[in-house]
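Before we start, here is the structure in question, set down as structure tokens.
Coordinate-derived values only; no laboratory data. Model, not experiment: these values are computed from the prediction. All Cβ positions, even for glycine, are placed from backbone atoms using ideal geometry, and neighbour counts span all protein chains on display.
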Amino acid sequence: MRNGIGTKARGMIGIATLAVALAAPGAANAGLLTGILSTSEASYCDADVNQYFKRWGDSALYRLVPGGSFEGTHGWRLANGAKVVTGNEPWYVKGSGSRSLYLPAGSTATSPTTCFDFGDWHARFFVRNRGGGGSLEVDILVRSLVGVLSVIDGGTVRADGTWDPSPRVSALVTNVGGLLGTQAVSFRLKAKGSGAAFQVDDVFLDPFRSR
């Protein structure tokens, strides 16, 4: 499997945005916009920012999502069979490690909040599918100071049995003024379909404006 930057993990990253939810006029939508004008700060921001995907032709700077290497206390919320298992991505881009996230069909995993800066941004991770079927859906979660939760579709990732970087996961935010104050986002991974048995490791976010 190949994508535009030479990985085997195939992504159908047709991204929906909050603009769809906010397109219709009315008091309800106005209230939603007001509610997401600012968000609380991230739970943690990794100080180590690096070009972790440079060998795959991606020169963007990334930081690890909190607990995104799944070593030690990771802080992710795991449900419906998701668990941490033995087995690290083979390049050890974040240093020595021995564990990764396992997502069988029907399971979900939600990250702690991580730093976000409005503008062009994207996330990537390492992935393989031990089952050979199904898909891995990615949601970007934004919670406002008043508790309004917005869910942005981050697309669908497919993979084979070999570890590879995922395609870039991103959201088209240029027309969504309500995200201007966003300081933190979370990621939710959902394994769907027969044969889904995904392993995920080293989840990164490039939270910066285009350079």
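If I go through segment 84-109 residue by residue, how many of them are over 18 Å from residue 164 (Cβ atoms) and in a loop (DSSP other than H, G, I, E, B)?
Selection size over segment 84-109: 6.
Still on this structure, I have one more. Which is surrounded by 19 or more Cβ atoms within 10 Å (Cβ to Cβ) and either of a type outside the set (A, V, I, L, M) or on the phi < 0 side of the Ramachandran plot (or both), of 52, 44? Full working, then the answer.
Values: 44 fails: surrounded by 19 or more Cβ atoms within 10 Å (Cβ to Cβ).
Just one listed residue meets the conditions, 52.
On the given criteria, is residue 77 surrounded by fewer than 15 Cβ atoms within 10 Å (Cβ to Cβ), of a type in the set (Lys, Arg) and under 18 Å from residue 185 (Cβ atoms)? Before the answer, list the steps.
Numbers: surrounded by fewer than 15 Cβ atoms within 10 Å (Cβ to Cβ): yes; of a type in the set (Lys, Arg): yes; under 18 Å from residue 185 (Cβ atoms): yes.
When the stated conditions are applied, residue 77 passes them.
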